[in-house]
Amino acid sequence: MALREILIAPHPALKTKAEPVVDVDDEVRELLDDMLGTMYAAPGIGLAAPQIGVAKRLVVVDVSAKDSPNEPLHLINPEIVATGETREVAEEGCLSLPDIYADIERFERVFVRFRDRDGAVRELDADGLLARCLQHEIDHLDGVLFVDHLSMLRRRMLLRKLAKQQREKQRQAS
Ligand code: GNR
Ligand code: NI
């Protein structure tokens, strides 16, 4: 397993629509392993391939509590096939938008179809944090960041804040 660099907005790779995976082979499993390791190291509860500069529809997620055993999920070509009726607002963060947080409205419940690491088709009925995380990750596959769900004014404010923070980080590092 290799740790990968997580790209920070406004990197163009984060705005690119990712391509479906055709063959679930060892190369794909290797990528998923790198993604999971990179996610745990960050640490985060989800990671999508575009965040490491790979334009493929691959996602890893683990929303298990910190003090309980890991429950990794590997999702290939995940799709939301149905949603519940109700939406819920909660705070989100993103490894590609470090130190930026905002309240985002999402479906409370989603049904997601995907292929697992063995290429088998599976379905997941998710609610709570898992449902939120899956919507956030599937957005990444379509080049969408959580700030894209906010008003243009609020998005611009948060992206400016991020740019300023990154400039300051650069300055401190040099
Ligand atoms: O680690 C993460 N936490 C999180 C919290 C609320 C809603 C979504 C997320 S996903 C994020 C990791 C990440 O950026 N995945 O793309
Ligand atoms: Ni994210």
Do the conditions hold for GLY84, that is, is it more than 17 Å from the chain's Cα centre (by Cα) and in contact (Cβ under 8 Å) with a residue 60 or more places away in the chain? no
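Residue by residue, here is whether (1) touching a residue at least 60 places away in the same chain (Cβ under 8 Å); (2) touching a strand residue (DSSP E or B) at 6+ places or on another chain (Cβ under 9 Å); (3) open to solvent by less than 90 Å² (accessible area, probe 1.4 Å) holds:
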position	(1), (2), (3)
GLU91	no, yes, no
GLU108	no, yes, yes
GLU123	no, yes, no
GLY143	yes, no, yes
ALA173	no, no, yes
Residues being more than 10 Å from ligand 1 (Cβ to nearest atom) and either among the hydrophobic types (A, V, I, L, M, F, W, C) or touching a helix residue (DSSP H, G or I) at 6+ places or on another chain (Cβ under 8 Å) (or both) - total across the stretch 103-128: 13
For the stretch 114-143, what are the residues that are part of a strand (DSSP E or B) and farther than 30 Å from GLU5 by Cβ? VAL121, GLU123, ASP125, ASP127
If you take the residues in the stretch 129-141 that are away from ligand 2 (no atom under 12 Å from the Cβ) and in contact (Cβ under 8 Å) with a residue 40 or more places away in the chain, which one is surrounded by the most Cβ atoms within 10 Å (Cβ to Cβ)? LEU130
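Conditions tested, residue by residue: (1) open to solvent by 60 Å² or more (accessible area, probe 1.4 Å); (2) in a helix (DSSP H, G or I); (3) farther than 21 Å from GLU79 by Cβ; (4) not basic (Lys, Arg).
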| residue | (1), (2), (3), (4) |
| --- | --- |
| LEU3 | yes, no, yes, yes |
| PRO10 | yes, no, yes, yes |
| LEU14 | no, yes, no, yes |
| LYS17 | yes, no, no, no |
| VAL22 | yes, no, no, yes |
| GLU27 | yes, yes, yes, yes |
| ASP34 | no, yes, yes, yes |
| TYR40 | yes, yes, yes, yes |
| PRO43 | yes, no, yes, yes |
Mind checking whether some residue in the stretch 12-31 is of a type in the set (A, V, I, L, M, F, W, C), under 12 Å from the mean Cα position of the chain (by Cα), closer than 30 Å to SER151 by Cα and within 12 Å of ligand 1 (Cβ to nearest atom)? yes
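The values are calculated or read from the model by the stated rules, or taken from the named source; none is laboratory data. Please read these numbers as outputs of a predicted model, since none were measured by experiment. All Cβ positions, even for glycine, are placed from backbone atoms using ideal geometry, and neighbour counts span all protein chains on display. Protein only, heavy atoms only, side chains kept; ligands, DNA and RNA dropped before computing areas. Shrake-Rupley method; radii C 1.70, N 1.55, O 1.52, S 1.80 Å.
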